[in-house]
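Asker: Below are the structure tokens for one structure; questions will follow.
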């Protein structure tokens, strides 16, 4: 490999040690002066004068041919684990198989090349799809109204928290400052509440993994905005007291936020709205098979009960003129009466999120949706049954779509991290580790419904084998992974030296 | 775990030196946090601080924590060099890793070294 | 259609291992009266039926490629997307991966984002970039969060130019409704001809952040150096929301001294897609990196001595810092950030500059042709980039309705956001608009005038 320095032209960064091996050069390392990729035709209009004083002197972008770019990204792609490549039992993330047809439907030219500000008469297809998806999500969840605007789960949470705040304010109730959050919650819950300055009160879990009702009652007073519950919770347990939790919070005037991250366990099983939950976000990128894209984009629609519908973000899709047998209805935008405002530009993650989710729901229908959750739960319970004897499961009862085991053994210094890394050697993606925070050395396992029994058995076998290795050859685990293209990372170096970008190499002749 | 006998300690893992007024993060706390990569001192010299209120925000490779004022009083000095070298908190928590100096602090409610050590041991289980 | 790969026999064997008789037994924790609701949804479609159904729905739209000639911009732009971009993004290794929390098996995503960060800093003239926000609007709102965190809530004023995109201003209002924050300058009735110097009098010692757009919502290009100096003299930070295509041509906000440069990355190889998913880019100075929201990739080495990349400074983020985090962002627009990196790489220094130049020349040709028409004129003086405001002799909505009859999407009706600009159209011209299309627009307008 060539000895390429990444020392920046502008940001002085420590030069890479000469002994460091470069597996794949960066796109800047690969640049060669004068090389061209995709070019454009000369303008067929007269050239206009440019304001010289406002122009930039240099554009320090790389110079590559198309083949250089393709090979580079092809090389990079090979370093990635993916759902298409294997089992990805990442708890709380619902890494299910992403149907290929969704990739085609979301790229239909009619969707791909429509501008968000086109007159509504020219985008009735888009609007009909959005309206229908709103209706479907309402039906699936039991809510009265749905906005498709939020861009991701956390964005949906923030939307929901703003709606809860606005509802209290609209009733002249200004003293509510506390948000109750169970100790098993995702970090986004307190962070979303923190963004509007709410005070977070943590509610512990009881011995069965449910919200501790005694503490909840003590905390419920007239300063409570509401509670943010995840059900099933991050232990994978359906809260057996959910209706009581809802009642206790409602009785003190608070609202109940449902974190929809775990909705994959509930399709056709129970509708959160029927349980009395007031507001909830959906993760279309979990439950409805929108691919995760290496971190995004997601899509986080929000459903609300009738009393909160007026507060949804603007705009929603509505029917402006009813149709009849001859003509379809005219779809357009409507603004809720007491809207919290706009959460992002335009209308939501339309192409990548909404069209894919629409396709997915259309292909499942009511029975297919229920089957998704049934098999997600079956698969999780099967893995739990196979692993229970080997790994300690602190909250052990019938689980929903995921469960949490402890990645540690009596008398061994092997930790959850070591087990996670060792799983890579067996060609599995590790489970979520060190979350939820209330389980020591947590390994959070969510198989999803799209894995067959053979895969689940191979995974269980690997984990059982690793438990033996933890006793017989702990160092094999401490130093894992061994068979992956990269080994464990020096995370302290990354954080201390903070090399956050590369530039063209120092000796690069920009004028060549 | 290093717990100098001349210092006083809080349950939120701060130390206070009644002789100099210096305060900082304990050796136990830095060990729990592991490699500290960021420190922001939230108060300035001259500020009044209340016991239990945040004086600094600390981030390590894997965790984040707040440091609270062990005693109330007036901030007499801030260790300006520390934010540029947060690893000092790992290397020398009771020396160069002091965060602020507090004037007029009353240390009578704080734990002594033996009590703090016992408190840390209990938490390990 | 099902994607469940389990046969009935396998299911029964699994139930036996679990120790229950039937699948329904797994749901006894769910309150019985609400268990197994009947969902009123249409019956399932097979793949063949779904493909036809979706094609049918998509055909209910008129697209800007083939059906309509478009001069609509206003924050989303019709650019040519090289074939390579979609081919790279369609690799399952990229699009079906999760957030790269396990760096040993995620170096593709991590290095891809690292290069994206590098490209964005090169483009904006800044020092660090995060791994993306949802879109331009939310990226600007996150700049407010950064400034709020930087001054620990002690400075409570944000100055916003009225010529920042109305959606961006709207999102800032939404995001900050729980903060005790004054938004000065956010007034659609303000003097819209005034340049950035008109904001200077609003900046004081209580100002945390000044927000301007580059080019502004009306397409105008200003040098903000003076404004930034004024803001810095008062101790305030300055955020510039920039169009990335314009940055191929014009002086960088970094060079002008900006503290934060954000923007809508959609022009970088992302389809219009009826408004999303797009890409919010966020760049800043190194000194603010700890207050910046979002994921960040840094360079390191692995235990085999190989250069590698990891998510770094993660303790800033919500999963560790929880309610004390600057932002709650978790899922971002990772795949689109990768797409932007591919776009910038395959166009490179030459191609990207070409795109910007063609946009510039086409837009100026259009401005010249349109302002020759009686009753029409350029509202604001130059310089502008690829968007300009056309004063019309009648309400813009009427002009647009006429143009639509000719199969032309005329432009954005500014009266929707600015009461004083009812007769004003915001016209965007890109490399996708040929001379022929521009001439057709001019012809349709002159014809309209004689109607």
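Asker: Can you give me the convex hull volume of the Cα atoms of the stretch C:1-54, divided per residue and expressed in Å³?
Answerer: Details: hull volume 6.2 nm³, N = 54.
Considering the Cα atoms of the stretch C:1-54, their hull volume per residue is 116 Å³.
Asker: So, by mean Cβ neighbours within 10 angstrom, what's the order for A:86-92, C:76-82, B:4-10 with the highest one leading? Mind dumping the intermediate values first?
Answerer: Working: A:86-92: 23.6, C:76-82: 20.3, B:4-10: 18.3.
Peptide ranking by packing, descending: A:86-92, C:76-82, B:4-10.
Asker: Just the number, please: Stokes-Einstein D of the stretch B:71-110 in µm²/s, Kirkwood Rh from C-alpha pairs, 25 °C, 0.890 mPa s.
Answerer: Working: Rh = 11.1 Å.
D = 221 µm²/s.
Asker: What percent of all Cα-Cα pairs in the stretch C:1-142 falls in each 10 Å bin, counting up from 0?
Answerer: So the P(r) values, bin by bin, are 7, 16, 24, 25, 18, 9, 1.
Asker: Then there's this: Between residue C:405 and residue C:22, 0.36 nm times their residue separation minus their Cα-Cα distance comes to what? Could the numbers behind the result be given before it?
Answerer: Values: separation 383, 0.36 × 383 = 137.88 nm, distance 6.14 nm.
That works out to 131.7 nm of additional length.
Asker: What's the whole-number percent of alpha carbon pairs in the stretch A:93-183 lying beyond 22 angstrom? Please list the in-between numbers first.
Answerer: Numbers: 2144 of 4095 pairs.
Here the long-distance tail beyond 22 Å is 52 percent of all Cα pairs in the stretch A:93-183.
Asker: Hey, another quick one. Just the number, please: Stokes-Einstein D of the stretch C:340-451 in µm²/s, Kirkwood Rh from C-alpha pairs, 25 °C, 0.890 mPa s. Could you put the intermediate results ahead of the total?
Answerer: On the way: Rh = 14.7 Å.
In µm²/s, the coefficient rounds to 167.
Asker: In the stretch C:266-344, what is the volume of the convex hull around the alpha carbon atoms, normalised per residue and reported in Å³? Don't skip to the end; give the middle numbers.
Answerer: Numbers: hull volume 10.1 nm³, N = 79.
Dividing the Cα hull volume of the stretch C:266-344 by its residue count gives 128 Å³.
Asker: Set the Förster radius R0 to 30 Å, insert the Cβ-Cβ distance between residue C:55 and residue A:66 as r into 1/(1 + (r/R0)^6), and round the FRET efficiency to 0.05. Provide the component values of the computation, followed by the final result.
Answerer: Details: r = 30 Å, r/R0 = 1.01.
So, using R0 = 30 Å, E works out to roughly 0.50.
Asker: Hey, another quick one. Taking R0 as 51 Å, what's the FRET efficiency between residue B:76 and residue A:169 from their Cβ-Cβ distance, rounded to 0.05? Before the final figure, lay out each step's value.
Answerer: Values: r = 43 Å, r/R0 = 0.84.
That pair, residue B:76 with residue A:169, gives E of 0.75.
Asker: In addition: Calculate the radius of gyration of the Cα atoms of the stretch C:30-95 to one decimal place, then report Dmax, the largest Cα-Cα distance, as a whole number, both in Å.
Answerer: In Å, with Rg to one decimal and Dmax whole: 20.1, 57.
Asker: Given points 7 Å out from each Cα along the Cα-Cβ axis, report the residue A:440 to residue B:6 separation in nanometres with one decimal.
Answerer: So the label points at residue A:440 and residue B:6 sit 3.8 nm apart.
Asker: Moving to a separate point now. Mind putting together the pair-distance distribution for the protein assembly as shown? All Cα pairs, 10 Å bins, whole percent per bin, short to long.
Answerer: 2, 10, 20, 24, 22, 14, 6, 2, 0, 0
Asker: Follow-up question, since we're still on this one. What three numbers, in Å, describe the spread of the alpha carbons of chain A along their principal axes, ordered from the longest?
Answerer: That works out to 73, 72, 46 Å along the principal axes.
Asker: Taking 2.2 N^0.38 Å as the expected size of a compact globular protein, what ratio does the Cα radius of gyration of the stretch C:337-401 give against it, to two decimals? Display every interim value, and only then the final one.
Answerer: On the way: Rg = 16.2 Å, N = 65, 2.2 N^0.38 = 10.7 Å.
Taking N as the residue count of the stretch C:337-401, the ratio is 1.51.
Asker: Expressed as a whole number of Å, what is the distance separating the alpha-carbon centroids of the stretch A:275-310 and the stretch B:1-72?
Answerer: The stretch B:1-72 and the stretch A:275-310 have Cα centres spaced 40 Å from each other.
Asker: Under 8 Å for C-alpha pairs, at least 6 residues apart: give me the relative contact order for chain C, rounded to a whole percent. Walk me through the intermediate numbers first.
Answerer: On the way: 798 pairs, mean separation 91.6, N = 451.
Relative CO of chain C lands at 20 percent.
Asker: Kirkwood Rh and Cα-based Rg: tell me the resulting Rg over Rh for the stretch A:185-243, rounded to two decimals.
Answerer: Numbers: Rg = 11.8 Å, Rh = 12.3 Å.
Ratio of gyration radius to Kirkwood radius: 0.96.
Asker: A further question follows. Based only on the alpha carbon positions, what is the Kirkwood hydrodynamic radius of the stretch C:170-327, in angstrom?
Answerer: Working: mean 1/r = 0.0556 Å⁻¹.
For the stretch C:170-327, inverting the mean 1/r across all distinct Cα pairs yields 18.0 Å.
Asker: Report Rg (one decimal) and Dmax (nearest whole number) for chain C, counting Cα atoms only, units Å.
Answerer: Reported Rg and Dmax, both Å: 25.2, 83.
Asker: Could you tell me the distance between the Cα centroids of the stretch C:161-239 and the stretch C:381-439, to the nearest Å?
Answerer: 25 Å
Asker: Moving on. Once you have all Cα-Cα distances for the stretch A:439-500, histogram them in 5 Å bins from zero and send the whole-percent values.
Answerer: The percentages, shortest bin first, are 4, 12, 13, 17, 20, 15, 9, 7, 2, 0.
Asker: Compute the acute angle (0 to 90°) between the alpha-carbon long axis of helix C:334-371 and the principal axis of greatest extent of the alpha-carbon atoms of chain C; round to the nearest 10°.
Answerer: Long axis of C:334-371 versus the principal axis of chain C: about 20 degrees.
Asker: A follow-up question, please. Measure nothing but the geometry: give the 0 to 90° angle between the long axis through the Cα atoms of C:136-150 and the longest principal axis through the Cα atoms of chain C, rounded to 10°.
Answerer: Computed tilt is about 80 degrees.
Asker: Suppose R0 equals 60 Å. What FRET efficiency, 1/(1 + (r/R0)^6) with r the Cβ-Cβ distance, do residue B:20 and residue A:58 give to the nearest 0.05? Each step should come with its number before you reach the end.
Answerer: Details: r = 54 Å, r/R0 = 0.90.
For R0 = 60 Å, the calculated efficiency reads 0.65.
Asker: Same structure, new question: Figure the gain on full extension for residue A:325 and residue A:50 (residue separation times 0.36 nm, minus the Cα-Cα span) and round it to one decimal in nm.
Answerer: Values: separation 275, 0.36 × 275 = 99.00 nm, distance 5.71 nm.
Here the segment from residue A:325 to residue A:50 would lengthen by 93.3 nm.
Asker: Just to be sure I understand the curve: with the Debye formula and one point per C-alpha of the stretch C:161-216, what is log10 I(q)/I(0) at q = 0.27 Å⁻¹?
Answerer: For the requested q values the scattering log ratios are -1.32.
Asker: Just to be sure I understand the model, the point goes 7 Å from the Cα along the line to the Cβ. What's the resulting residue A:457 to residue B:50 distance in nm?
Answerer: Taking the two extended label points, one gets 6.4 nm.
Asker: Kindly list the residues of the stretch A:32-51 that lie in the label zone of residue C:436, defined by a backbone N under 18 Å from the point 7 Å along the Cα-to-C-beta vector.
Answerer: Correct set: A:41-46.
Asker: Additional query: With label points built 7 Å along Cα→Cβ from the Cα atoms of residue A:390 and residue C:447, find their separation and express it in nm.
Answerer: Spacing of the two 7 Å Cα→Cβ label points: 7.4 nm.
Asker: Per Stokes-Einstein, at 4 °C and 1.567 mPa s, what whole-number D in µm² s⁻¹ belongs to the stretch C:255-403, with the Kirkwood radius over Cα pairs as the hydrodynamic radius? Kindly include the intermediate steps, with their values, before the conclusion.
Answerer: Working: Rh = 19.6 Å.
Value of D from the Cα-based Kirkwood radius: 66 µm²/s.
Asker: Shifting gears a bit: Quick one: which of C:277-288, A:433-444, A:479-490 comes out on top by average Cβ neighbours within 10 Å, and what's the full order, highest first?
Answerer: Working: C:277-288: 25.3, A:433-444: 20.8, A:479-490: 18.2.
In decreasing order of mean packing, C:277-288, A:433-444, A:479-490 become C:277-288, A:433-444, A:479-490.
Asker: A follow-up question, please. Starting from the Cα of residue A:208, move 7 Å in the Cα-to-Cβ direction to define the label point; list residues of the stretch C:18-38 whose amide nitrogen is under 20 Å from there.
Answerer: Those under the cut-off are C:19-21, C:24-36.
Asker: Using a 10 Å cut-off around each Cβ of peptide A:26-35, what is the average number of partner chain Cβ atoms that fall inside? Present the calculation step by step, with values, prior to reporting the outcome.
Answerer: Working: counts 7, 13, 5, 1, 1, 3, 0, 1, 2, 3.
Average neighbour count from other chains, rounded to a whole number: 4.
Asker: Provide a whole-number value for the mean count of partner chain Cβ atoms within 10 Å of the Cβ atoms in peptide B:53-66. It would help to have the intermediate numbers written out before the result.
Answerer: On the way: counts 0, 1, 0, 0, 5, 1, 8, 4, 12, 7, 4, 9, 4, 2.
Mean partner-chain Cβ count within 10 Å for B:53-66: 4.
Asker: For A:454, A:324, what ranking results if the residue with the fewest other Cβ atoms within 10 Å of its Cβ goes first?
Answerer: Numbers: A:454 11, A:324 7.
So the ranking, lowest neighbour count to highest, is A:324, A:454.
Asker: Still on this structure, please answer the following. Over the stretch A:134-259, what per residue volume does the convex hull of the Cα atoms give, in whole Å³?
Answerer: In the stretch A:134-259, the Cα convex hull volume per residue is 109 Å³.
Asker: For chain A, what is the relative contact order in percent, using Cα pairs closer than 8 Å and at least 6 residues apart in sequence? Write down the numbers at each step before the final one.
Answerer: Numbers: 934 pairs, mean separation 103.1, N = 512.
Result for chain A is 20 percent.
Asker: Report the semi-axes of the equivalent ellipsoid for chain B in whole Å, largest first, where each axis is √(5λ) for an eigenvalue λ of the Cα gyration tensor. Display every interim value, and only then the final one.
Answerer: Working: eigenvalues 77, 69, 28 Å².
Three semi-axes, in Å: 20, 19, 12.
Asker: Which value results when the Cα radius of gyration for the stretch A:24-117 is divided by 2.2 N^0.38 Å?
Answerer: On the way: Rg = 20.8 Å, N = 94, 2.2 N^0.38 = 12.4 Å.
In units of the globular-protein estimate, the stretch A:24-117 measures up at 1.68.
Asker: If you scale each eigenvalue of the Cα gyration tensor by 5 and take the root, what three semi-axes come out for the stretch A:234-308, rounded to whole angstrom and sorted largest first?
Answerer: Values: eigenvalues 123, 40, 22 Å².
Those come to 25, 14, 10 Å.
Asker: While we're looking at this one, here's another question. Semi-axes of the stretch A:310-409's equivalent ellipsoid from the Cα gyration tensor, sqrt of 5 times each eigenvalue, largest first, rounded to whole Å?
Answerer: On the way: eigenvalues 383, 79, 27 Å².
Calculated on Cα positions only, the semi-axes equal 44, 20, 12 Å.
Asker: For peptide B:95-108, compute the average count of partner chain beta-carbon atoms within 10 Å of each residue's beta-carbon.
Answerer: On the way: counts 0, 0, 0, 0, 0, 0, 0, 0, 0, 0, 0, 0, 0, 0.
Rounded to a whole number, the mean comes out at 0.
Asker: Along the Cα-to-Cβ line of residue C:382, 7 Å from the Cα, sits a label point; which residues in the stretch A:27-53 have backbone N less than 15 Å from it?
Answerer: A:45-53
Asker: If I fit a long axis through the Cα atoms of helix C:8-18 and take the longest principal axis of the Cα atoms of chain C, what angle between them do I get, 0 to 90°, rounded to 10?
Answerer: So the helix axis and the longest Cα principal axis differ by about 70 degrees.
Asker: Any chance you could check the Cα centroid distance between the stretch A:330-385 and the stretch A:51-130 for me, in angstrom?
Answerer: 20 Å
None of the figures in this text is laboratory data; all of them are computed from the coordinates on show. Not measured: the values here are computed from a predicted model. Virtual Cβ from ideal backbone geometry, glycine too; neighbours counted across all protein chains shown.
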